[in-house]
Amino acid sequence: HLLVMTPEGLVSVDLASQTATAIDYYDGPEFDHAQLGALAYSPSVDLLADAVVYPATYGVSEVDLVEIGLVGPDGVRESIVQIPGGSSVLAHSLKWSPDGQRLLWIANVGSQEAGPVHLADLETQLWMIDFAGGDARMLAVLGQGVEVVYPAVWSPDSLSIAALFVEPRDGGKSASYGFIIDAESGAKWPFTRFDDGQLSHLTWAPNGQRVAFTVAKGAYGEIWATRLDGTQPYPVAGPTFPDAPFVWLSESGEE
């Protein structure tokens, strides 16, 4: 099945029968001013997570609000957590861990006071919820007053997260840092840093021993890989397009 957003609303497309069914989870009046920011099915496909953004609306709320919800097999939606001041959710950042026990997302969060939201006031925050009795919590601030546009990614064993941290530089430029974050403790450590190139498209090796990424260097790019502790970094392909996506191929679990 595919979930597709159309001008008429959200539909589920059955690839086998090539039929489409309207999804009515978000047709209630409580969603009149809402924006559906992201959707993600659990690995077991029995749960649908969503990220809904409620813009500040006169008479309803003085500040923006991000809400993460969960639709169960019975079709009933339950609110998991609300983030006051959240003005948007990064596209494609709502990600289930491979074991289906945790959920990640990246939200841009500004002031919790009424008034217009400016980029300079926004924090880009990485959030996670552990469904095995854990609460939703912010794991890290990925950027402050700077645009972060690439999602964090889960390790194959669901224990770690690779994420990009971005720092602004003079002249409208920025520096990118790759970090590994322990999903249980929240501890983090860098695995790479580029002051003169923008990083993108983090991808774990199938065995979880390395992380690969694209480095944009002006008019061209390169694909790099490194061990999780930052040792043995090396370029594996290039030149590519500056923002080239890629996939990691493996055979019998080997890199």
Margin query: At 1.4 Å probe radius, can you tell me the per residue accessible area of the chain in Å²?
Written below: 52
Next item on the list: Select from Ser97, Thr240, Thr19 the residue farthest towards the positive end of the dipole of the chain; place +1 on Cβ of Lys and Arg, -1 on Cβ of Asp and Glu, and compute about the Cα centre.
Entry: Thr240
Next item on the list: Mind running the shape call on the stretch 98-227? Use the C-alpha gyration tensor, a ≥ b ≥ c as the square roots of the eigenvalues: rounded below 1.5 for a/c, prolate if a/b tops b/c, oblate otherwise.
Entry: oblate
Next item on the list: Rank Gly186, Gln209, Gln144 by how far each Cα sits towards the positive end of the charge dipole of the stretch 129-210 (+1 on Lys, Arg Cβ; -1 on Asp, Glu Cβ) and give me just the farthest.
Entry: Gln209
Notebook entry, point to check: Ordering Ile223, Ile80 from largest to smallest accessible area (1.4 angstrom probe), what's the sequence?
Noted result: Ile80, Ile223
Note to self: How large a share of the accessible area of the chain, in percent, is made up of carbon and sulfur atoms when the probe is 1.4 Å and the other protein chains stay in place?
What the structure shows: 53
Notebook entry, point to check: With the contact rule set at Cα under 8 Å and sequence spacing of 6 or more, what percent relative contact order holds for the chain?
Noted result: 9
Item checked: Cα gyration tensor shape for the stretch 166-246, rounded if a/c is under 1.5, else prolate or oblate -> oblate
Item checked: Simple Cβ-charge dipole of the chain, Lys/Arg +1 and Asp/Glu -1, about Cα centre, in debye nearest 20 -> 800
Notebook entry, point to check: Charges only on Cβ, +1 for Lys and Arg, -1 for Asp and Glu: so what's the dipole of the stretch 1-151 about the Cα centre, in debye to the nearest 20?
Noted result: 420
Checklist line | Probe 1.4 Å - accessible area at His92, Å² to nearest ten | finding: 150
Check: What lysines could a cross-link reach from Lys188, if we take a straight Cα to Cα line under 22 Å and drop same-chain neighbours fewer than 8 places away?
Finding: Lys95
Checklist line | Given charges at Cβ of Lys, Arg, Asp, Glu: the chain dipole, positive-most of Val53, Ser200, His33 | finding: Ser200
Margin query: Cut-off under 25 Å on the C-alpha distance; same-chain residues fewer than 8 positions from Lys217 excluded. Which lysines are left, in chain and number order?
Written below: Lys173
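The values are calculated or read from the model by the stated rules, or taken from the named source; none is laboratory data. Keep in mind that what you see is a predicted model, and the values were worked out from it rather than measured. So basically every Cβ, Gly included, is an ideal-geometry build from the backbone, and we count neighbours across all protein chains shown. For the accessible areas, the whole protein counts, side chains as well, though only heavy atoms, and no ligand, DNA or RNA atoms are used. Shrake-Rupley method; radii C 1.70, N 1.55, O 1.52, S 1.80 Å.
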